[in-house]
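Inspection log for the structure reproduced underneath, given as structure tokens.
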Amino acid sequence: MKNLSSYSPLLLVFLLALTINSCEKFTEGVVQEIPFPDHIPVLTATLIVNDQDDKIFAQISSSASVIDAEGPQPVQGAVVTLTDEAGQTLYALSESDFFDPIYILDLENTFGMTSGLTTLTVDAPGFDQITATNTMPSKPMFDVNYEYQGDSTSSPWGGPSIQDVYTINFDNNLGVKKNYLIHIDALYQDIDTGNEEWMAMRFQTRPDPRITRLTSQDESSVIMVSDESSSSAVSALHDVQILTKSTPEASKWAPISTRVRVESLSPELASYYLSVDSYLSGGPDFFAEPSLLYSNVSSGFGCFGLSSEVILIVD
Amino acid sequence: MRLLFLCQFVIASTLYSQTNYTLSGHIQDSSSGEQLIGATVWCENLEVGVAANLYGFYSLTLPEGKYNVFVRYIGYSTQRFEINLKDNISMDIDLVPGTTLSEAVVTGESFNKIEDQVQMSKITIPIDQVKSLPAIGGEVDLLKVLQLLPGVQSGGEGTSGLYVRGGSPDQNLMLLDGVPLYSVNHLFGFFSVFNADAVKNMSITKGGFPARYGGRLSSIVEINMKDGHMKEFHGDATVSVIASKLTLEGPIVKDKASFMISARRTYLDLLITPLIAATNNNNSGVSTDPRYFFYDLNAKLNWKVGKKDRLYFSAFQGKDDFGIASTENYGQTTSSLDFGLDWKNAIQALRWNHEWTPKLFSNVTLTRSLYEFNTGADVSETSAEGDSLRFAALYNSGIEDFTGRIDFDYAPNARHFVKFGANFTNHTFSPGATALELDFGEINAIDTILGPSDITSNDAFVYIEDEFDLGDRVKVNLGVHASALMVQDTSYYSLQPRAALSLRLPGGYALKSSFARMAQYVNLLTNEGLGLPTDLWVPSTARIRPQQSWQVAMGLAKTFGQIEVSLEGYYKEMDGLLSYKEGASFLFSLDSDWEDKVTQGIGNSYGAELLVQKKYGRTTGWIGYTLSWSNRQFDEINSGDWYPFTYDRRHDLSFVITHDFTDKWTGSAVWLYGTGRALTLSESSFATYIPDGSGTGTYTFEPEVPSEKNAYRMSPYHRLDLSLTRTKETTNGSKQLVFSIYNAYNNLNPFFLQTDQDDAGDPVIREYGIFPMIPSIAWRYSF
């Protein structure tokens, strides 16, 4: 061992050989290839309906592996049934209601309020039956205070920012977790033709732990208000403030009035909306864990959600 | 109530010790005056002993009489002397270092063997052994050595993060000379900030935490800097392919005051400067100037003010600076980009040791700890007419602590060792703010700051613990740690009982058990994997509850000759764990409220650990094996179902060996194996929709569906590192040439995954590695 130093040249040659081999491996960089796991397609269903809706939309598809170039396919021959707690059929959609890629059923009236558990059942040839249940929440109870140009702040982009303020006070059902979806629409009139149309308004909110801004639905500026963290006080859901610009976005349209639409969401539908928002707003984030969409459908894909809506017109 | 009981107990012990006398003082290295932490004083006649504390102070109270006393420390010749104890004796003891850690130096039955200690789940590695292990690029890394111990895992190939018993990196309290250090990473986590040349001692405690420790759930890593040579001027210089470092130490006043200063810097930036210059010369329109370097500086002053007082001042500063500056000049227009990313740590600590009586020792510590992270970009364009456009954004975050702490060691008699103290810390968190500057010529210029404001919090704790004997076979450490946090008009309180018990069994075995409840008021928001400087330290707030845990452990320990063997099983439950929500990370959200992006959950971990360790002799090293499970549950992740933690690693095995072939040649080898990291992959997709908001249509999309959280595993990790050190003694000192090979059999371990296509065009998931075999050489000179 005392003559170990005499082996130094051999050691250097050995190191050189290893280095060359190492560089080759470094260039390639691949440790191993893992084949994608096999995927057995299952039936998926999404049906979301509001008591004020006069249409029912049902998205029925078969799931696909992420490496399937064709992706998920709509299932044409499905029978979609909604039944009440007693097992009576409320509505049914079938192949005649299929307008690729979605089933649409036009209702004679609005969907209306349902009581108790409503069950969604989907049968399609070649697939196991899937089901989901949901309970329609009670109508939201709230009042709105509107203040024209009630807020004036300095914009970070320079100049003042003047906004109208909508203050919404909800009745708090103590001990019950409630989730509300809030939209604000403006009724615009076309100056040339006199036609009127409700259009979603963009709006802002102040930092408020009760408010979740659904950025994935940003086209219509939607927020979700939740009383999860503050349900112990009667006034916990008071003073929810929304700020909107008074100025119309296009001069061709003149604003006539505005309205506040509030949807009371079932807990399952609220979870679905939050997970969709997380999924769609996450973007291509290498560092984030992939989002999992909430599902209450027996196959694990899709959502059956009910909501009830109240509209207040603000002059 | 328990506190009251312990206080009464302490007072009673004092009263009943009136006929006893105390032998006390410091134990130090005879050549350097360095205090020897953990050196033992053993009274052979009564079979009782004591270990020196963090400052080398010991206190052993015995009845009046004549005794044979042994003083021992690994790597030093044992001292044996007789004392006639008829009065208190104050005696500083000098131990003579052995030339190597050979068997001849420490002989016979030693006190403070693993079976003698109540403390379990604590591992100390001699720093000389650490320095002789193979290191990537020749740069010895203390944290990577800790990763080789059972119960401690790394975050990924080459990274320095520690995952202890299923915990996350923020659950490790990293103490450098008693000061918490928040970021321990250089070079994006591939190196730690600890410079082995400046370090005297290193230990990790994974469970059975005594009451004096608190503030983190999973481990306490204590690293102490050298005090500085009290007698002669000495130095160490090391040149490796990654960095160079220089350590100087010596007396300011011989045997009264000393200093130690150690500096390290990388020179990747200096090495590539000629290449960059050549590239720029070949392209007249474009100039690119990338930069990366890190440095760290350790310094310590040590002053024996009097026989009973000693002052220490220690400081550390480390910084990483990464960036790229680019200028393009095309005809009439010049555009420039300057991107930068830098982070820095700084700590200062002032400590005052005082010996009130031979039985009562105190240490007062005042510290400051600072961590800052900055990143930003400055883009500008100037036309020939002089019109200019400019956009600049700077994101910064950080944390600054000021701490005052007092600790007392009280040894009323040979069978009781009491520690008590208090701590107060003021934290200022800057959880991310973005400064924007825009100047578009005619449009109004903007200069504003967006993002959350600073958060200030105060936390405090008091503790008391007593380590005592119950008869000849049972040793107990009982204590309580009480802490409080005041933040945002909210207060949190935590009472944390601690207990450890050691029962001697026939055959020399010790059966040990422990229980510890812990609370943590600071959190690291991190995306699992790389130790990125973008990781954000945030406090518990009115919305974010503190992390808490409790852990029980049980084990067997015994020393067979020179080999210590311990087998431990543990179970830990954690609450208040913090994680980014699904789909969220630090990206795309630097100026938004971090509290909206996180969710809190619970976790558990359990397993068994085996450690076979040989600390001295020509051959040293250890074998460590861990069998473990670690799981998490968050209401907003994985549909609220339990899932395996990313670093749930079923098997973890390491062999570490160092052998002195001759006085000149030392070889060492490390082999490790670990179950692959758990991860989530997208498996399938389906069609779904959300209403368009008007009730008349839908917005349809096809989301990918990930597998169950962490349902897949990367390939197992395994690697062999080798090193060979040649030492040559010269008249002025010694020279060492260190050859090392990282990943000697060139196994490319997985670092990340990517979806790709194989040769046949079929989609596959490819695992990519980044570190093949890396040979390196380092040169050291000590004088």
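The values are calculated or read from the model by the stated rules, or taken from the named source; none is laboratory data. Please read all numbers here as calculations on a predicted model, not as lab measurements. All Cβ positions, even for glycine, are placed from backbone atoms using ideal geometry, and neighbour counts span all protein chains on display.
Applying the selection to the range B:676-689, what residues are in a loop (DSSP other than H, G, I, E, B) and surrounded by 21 or more Cβ atoms within 10 Å (Cβ to Cβ)? Walk me through how you get there before you give the answer.
The first filter runs over the range B:676-689 and keeps only residues in a loop (DSSP other than H, G, I, E, B), leaving B:676-677, B:680-681, B:686-687.
Hits for the range B:676-689 are B:ARG677, B:PHE686, B:ALA687.
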Could you look through the range A:170-192, keep only residues that are part of a strand (DSSP E or B) and more than 24 Å from the chain's Cα centre (by Cα), and pick out the one that is farthest from A:LEU265 (Cα to Cα)?
A:ASP190
Which one is nearest to B:GLU683 (Cα to Cα), of the residues in the range A:32-49 that are at the interface with chain B (Cβ under 7 Å from one of its Cβ atoms) and in contact (Cβ under 8 Å) with a residue 40 or more places away in the chain?
A:THR44
Can B:GLY667 be described as within 12 Å of another protein chain (Cβ to nearest Cβ), surrounded by fewer than 21 Cβ atoms within 10 Å (Cβ to Cβ) and assigned to a strand (DSSP E or B)?
yes
Across the range B:729-748, which residue is surrounded by the fewest Cβ atoms within 10 Å (Cβ to Cβ) among those that are assigned to a loop (DSSP other than H, G, I, E, B) and more than 7 Å from every other protein chain (Cβ to nearest Cβ)?
B:THR731
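Regarding the range B:511-529, can at least one residue be identified that is outside any strand (DSSP E or B) and modelled with pLDDT of 90 or more?
Looking only at the range B:511-529, we keep the residues that are outside any strand (DSSP E or B), and these are B:521, B:526-529.
From the residues that got through so far, the ones that are modelled with pLDDT of 90 or more too are B:521.
Taking every residue of the range B:511-529 in turn, at least one turns out to be outside any strand (DSSP E or B) and modelled with pLDDT of 90 or more.
Matching residues to (1) exposed (fewer than 14 other Cβ atoms within 10 Å of the Cβ); (2) touching a Lys or Arg at 6+ places or on another chain (Cβ under 6 Å); (3) in contact (Cβ under 8 Å) with a residue 12 or more places away in the chain; (4) outside the structural domain of B:ILE136 (by TED's automatic domain parsing):
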residue	(1), (2), (3), (4)
B:ASN224	no, yes, yes, no
B:TYR267	no, no, yes, no
B:LEU271	yes, no, no, no
B:PRO274	yes, no, no, no
B:ASP289	no, no, yes, no
B:LEU301	no, no, yes, no
Does the range A:118-127 include one or more residues that are of a type in the set (Val, Ile, Thr), away from chain B (no Cβ under 14 Å), within 15 Å of A:PHE304 (Cα to Cα) and in contact with a Gly (Cβ under 9 Å, 6 or more places away or on another chain)?
yes
Look at the range B:600-638 and say how many of its residues are under 30 Å from B:SER723 (Cβ atoms), surrounded by 17 or more Cβ atoms within 10 Å (Cβ to Cβ) and of a type in the set (Ser, Thr, Tyr).
5
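Looking at B:SER335, B:SER314, which is the one that is part of a strand (DSSP E or B), surrounded by 18 or more Cβ atoms within 10 Å (Cβ to Cβ) and small (Gly, Ala, Ser)? Outline the logic, then answer.
Details: B:SER335 fails: surrounded by 18 or more Cβ atoms within 10 Å (Cβ to Cβ).
So the residue among B:SER335, B:SER314 that is part of a strand (DSSP E or B), surrounded by 18 or more Cβ atoms within 10 Å (Cβ to Cβ) and small (Gly, Ala, Ser) is B:SER314.
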For the range B:751-773, how many residues are at the interface with another protein chain (Cβ under 7 Å from one of its Cβ atoms), assigned to a strand (DSSP E or B) and within 27 Å of the chain's Cα centre (by Cα)?
0
With respect to B:ALA778, is the statement that it is in the same structural domain as B:ASP641 (by TED's automatic domain parsing) and within 27 Å of the chain's Cα centre (by Cα) true?
yes
Inter-residue pairs, beta-carbon under 9 Å, first over 13 Å from A:VAL222 (Cα atoms) and more than 12 Å from chain B (Cβ to nearest Cβ) and in the range A:258-280, second surrounded by 22 or more Cβ atoms within 10 Å (Cβ to Cβ) and β-branched (Val, Ile, Thr), 6+ apart:
A:THR258/A:ILE184; A:ARG259/A:ILE184
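Look at B:ASP660 and say whether it is farther than 25 Å from B:TRP642 by Cα and either at the interface with chain A (Cβ under 9 Å from one of its Cβ atoms) or more than 24 Å from the chain's Cα centre (by Cα) (or both).
Numbers: farther than 25 Å from B:TRP642 by Cα: yes; either at the interface with chain A (Cβ under 9 Å from one of its Cβ atoms) or more than 24 Å from the chain's Cα centre (by Cα) (or both): yes.
So B:ASP660 fits the description; yes.
Mind counting the residues in the range B:369-395 that are within 24 Å of the chain's Cα centre (by Cα) and free of Cβ contacts under 8 Å to residues at least 60 places away in the same chain? Write out each step before concluding.
The first filter runs over the range B:369-395 and keeps only residues within 24 Å of the chain's Cα centre (by Cα), leaving B:369-374.
Next, only the ones that are free of Cβ contacts under 8 Å to residues at least 60 places away in the same chain stay: B:370, B:372, B:374.
Of the residues in the range B:369-395, 3 are within 24 Å of the chain's Cα centre (by Cα) and free of Cβ contacts under 8 Å to residues at least 60 places away in the same chain.
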Considering only residues that are more than 14 Å from chain B (Cβ to nearest Cβ), not small (Gly, Ala, Ser) and not in a strand (DSSP E or B), which ones fall in the range A:72-83?
none
When residues of the range B:63-92 are filtered for being within 15 Å of B:PRO358 (Cα to Cα) and crowded, with 20+ Cβ neighbours inside 10 Å, how many remain?
1
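Hey, among A:ALA69, A:ALA86, which residue is at pLDDT below 95, within 14 Å of chain B (Cβ to nearest Cβ) and in a loop (DSSP other than H, G, I, E, B)?
Numbers: A:ALA86 fails: within 14 Å of chain B (Cβ to nearest Cβ).
It is A:ALA69.
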Quick check on this structure: which one of B:ASP648, B:ASP652, B:ASP641 is in the same structural domain as B:THR559 (by TED's automatic domain parsing), surrounded by 21 or more Cβ atoms within 10 Å (Cβ to Cβ) and closer than 18 Å to B:ALA711 by Cβ?
B:ASP648
Scanning for something without any contact (Cβ under 8 Å) to a residue 24 or more places away in the chain and within 14 Å of another protein chain (Cβ to nearest Cβ), does the range A:50-65 turn up at least one residue?
no
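Among the residues of the range B:612-656, how many are assigned to a loop (DSSP other than H, G, I, E, B) and under 22 Å from B:THR675 (Cα atoms)? Spell out the reasoning first.
Here is the first cut: in the range B:612-656, the ones assigned to a loop (DSSP other than H, G, I, E, B) are B:615-618, B:635-637, B:641-642, B:645-650.
Okay, now just the ones that are also under 22 Å from B:THR675 (Cα atoms), so B:642, B:645-650.
Within the range B:612-656, residues that are assigned to a loop (DSSP other than H, G, I, E, B) and under 22 Å from B:THR675 (Cα atoms) number 7.
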